[in-house]
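The values are calculated or read from the model by the stated rules, or taken from the named source; none is laboratory data. Note that the structure is predicted; figures quoted are calculated from it, not measured. A quick note on method: Cβ atoms are made from the backbone with ideal geometry, for glycine too, and the neighbour counts reach across all protein chains shown. Just so you know, the surface numbers come from the protein's heavy atoms only, side chains and all, with ligands and any DNA or RNA stripped out. Shrake-Rupley method; radii C 1.70, N 1.55, O 1.52, S 1.80 Å.
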Amino acid sequence: MNRLLLALSLLAFGATPALASDVYKVASSGLSRVTFESDAPVESITGLSTEAQGDLTVDVAKPEATTGTVRVPVASLETGNDMRDEHMRGADWLDAKSHPEIVFEVTGVSLPKGAKLVDGKVLDGRVKGKITIKGVTRPLDAPVKVSFHKLNDKMKRAYIQGDLVRVKTAFQVKLGDFGIKVPEALAGLKLAETLDIQAQLSAVKAQ
């Protein structure tokens, strides 16, 4: 009887999968940057936010299963021109009042088969998910570089208090795909209808 109970206990334990995934918090305060660039014939405009926030669920042994959400407050985007920034956040453009955030939703990552996150190693792949701008959601499939950094004394001296995952990606968005219409006086001259987006995110393991 004792042997039977032991066998059943081992079977029940083995049937319960280990939870290897951890939550990593996207860090702002300069550790993470999201930029956009409009490169038109007459004028180039660059915008920046250092206030991206969100959670990524990561298993270092199976990083292709990474999921999560990153949010960028529209009000945090700055181009170096106060009047232009005010227009950008207005109802005709990003409409910060009704749609205060740009949202990146990660549903998975394509990486080399069997790839694992190893301290200091960079993996190249593609990130898959969705992006929502001004309440309109479109699919996202973009190149990505992912690296893992185990917490060490040097990181602690930089006020980083956990293991860190670093994500870098770049892609383009067409303003018209998100219901943003560029005025004829600006289109293709002072404002590009397609923007180049870059995201460099540092996510720290939650304690």
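Give Ala40, Ala18 a once-over and let me know the one that is modelled with pLDDT under 95, more than 24 Å from Val173 (Cβ to Cβ) and among the hydrophobic types (A, V, I, L, M, F, W, C). One residue alone meets the criteria, Ala18. Just checking, does the range 123-131 include any residue being of a type outside the set (A, V, I, L, M, F, W, C), within 19 Å of Arg71 (Cα to Cα), touching a Ser or Thr at 6+ places or on another chain (Cβ under 8 Å) and open to solvent by 50 Å² or more (accessible area, probe 1.4 Å)? Yes, the conditions are met somewhere in the range 123-131.
If you take the residues of the range 151-172 that are of a type in the set (S, T, N, Q) and in a loop (DSSP other than H, G, I, E, B), which of them is most open to solvent (accessible area, probe 1.4 Å)?
Gln161
Comparison of Ala91, Ala75, Ala52 shows that the only residue that is small (Gly, Ala, Ser), modelled with pLDDT of 95 or more and open to solvent by 60 Å² or more (accessible area, probe 1.4 Å) is Ala75.
Given the condition open to solvent by 50 Å² or more (accessible area, probe 1.4 Å), within 23 Å of Ala206 (Cβ to Cβ) and either at pLDDT below 95 or assigned to a strand (DSSP E or B) (or both), answer yes or no: does some residue in the range 94-101 qualify? The answer is yes, given that some residue of the range 94-101 is open to solvent by 50 Å² or more (accessible area, probe 1.4 Å), within 23 Å of Ala206 (Cβ to Cβ) and either at pLDDT below 95 or assigned to a strand (DSSP E or B) (or both). If you check Ala142 against the conditions, is it surrounded by fewer than 12 Cβ atoms within 10 Å (Cβ to Cβ), hydrophobic (A, V, I, L, M, F, W, C) and under 30 Å from Asp39 (Cα atoms)? Against the criterion (surrounded by fewer than 12 Cβ atoms within 10 Å (Cβ to Cβ), hydrophobic (A, V, I, L, M, F, W, C) and under 30 Å from Asp39 (Cα atoms)), Ala142 does not qualify. When the range 173-207 is limited to residues that are of a type outside the set (A, V, I, L, M, F, W, C), in contact with a Lys or Arg (Cβ under 8 Å, 6 or more places away or on another chain) and in a loop (DSSP other than H, G, I, E, B), the one that is most open to solvent (accessible area, probe 1.4 Å) turns out to be Glu193.
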